[in-house]
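Okay, so here's the structure we're looking at.
The values are calculated or read from the model by the stated rules, or taken from the named source; none is laboratory data. In this text, all values refer to a predicted model and were calculated from it rather than measured experimentally. Every residue, glycine as well, gets a Cβ built from its backbone with ideal geometry; the counts of neighbours run over all protein chains shown. Surface accessibility is based on the protein's heavy atoms, side chains included, excluding ligands, DNA and RNA. Shrake-Rupley method; radii C 1.70, N 1.55, O 1.52, S 1.80 Å.
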Amino acid sequence: MPIVSMTVNGRAVSADVDPRTLLVQFIRENLLLTGTHVGCDTSQCGACTVHLDGHAVKSCTVLALQAEGCQVTTIEGLATAGTLHPMQEAFRQNHGLQCGFCTPGMIMAAVDIVHRNGNVLDEHVIREELEGNICRCTGYHNIVAAIADGARAMATPPLRAAAE
């Protein structure tokens, strides 16, 4: 079996893998990082979203061997020194979750949306960019609010809401 090596959440990892092993399987089964969820196995729900070399990808569509030498960030890698990432905190404050199953993928997608579109996001952009991330519990209102707040909080220095 081939050996795959990559950096996950800042830590170098390697393991023997079956060539058919998906990145999501490698993350969950080999590294025991279970925050990345498997929701549909068909690349439609986004629960498995991680960052691969800084870009959001659905880890159920990437073979572990394709991530050879890459930097992977999972939901566990966003928080630093016990402090939630601004997007994680925004989801908490805005109750941008119900059951929480989709939340890791939503947060990872949201961070990528901010990196690509900037820190001032309107509702239309957020909803359009979330296509491919499904929440089966909510109407997305709190998720959209959380992403808008998280985007502002990710700015340096933090941007103030227009209503303030």
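Things to note:
- Rounded to the nearest 10 square angstrom, VAL125 shows an accessible area of 40 square angstrom against a 1.4 Å probe.
- Scanning residues 5 or more positions from CYS70 or on other chains, those with amide H under 5 Å from its amide H are THR7, with H placed 1.01 Å from N in the peptide plane.
- Rg over Rh [alpha-carbon atoms, Kirkwood Rh] for segment 2-94: 0.98
- Spin-label pair ALA81/GLN93, simplified geometry with 7 Å Cα→Cβ offset, distance in nm: 2.0 nm
- For the set HIS51, HIS141, solvent exposure ranked by accessible area (probe 1.4 Å, protein chains only) runs largest to smallest as HIS141, HIS51.
- Proximal charge balance of GLN71 [Cβ under 13 Å; K/R count +1, D/E count -1]: -1
- Low-density loop cleavage sites - trypsin sites (Lys or Arg not before Pro) in segment 1-88, where at most 15 other Cβ are within 10 Å (DSSP): ARG20
- Rg and Dmax [Cα atoms of the chain; Å; Rg one decimal, Dmax integer]: 15.9, 58
- Computed with a 1.4 Å probe over protein heavy atoms only, the accessible area of GLU68 comes to about 90 Å².
- Spin-label proximity, SER5 to segment 44-88 - amide N less than 18 Å from point 7 Å beyond Cα toward beta carbon: 53, 64-72
- Taking Cα centre as origin and charging only the Cβ of basic (Lys, Arg, +1) and acidic (Asp, Glu, -1) residues, the dipole magnitude of segment 6-164 rounds to 200 debye.
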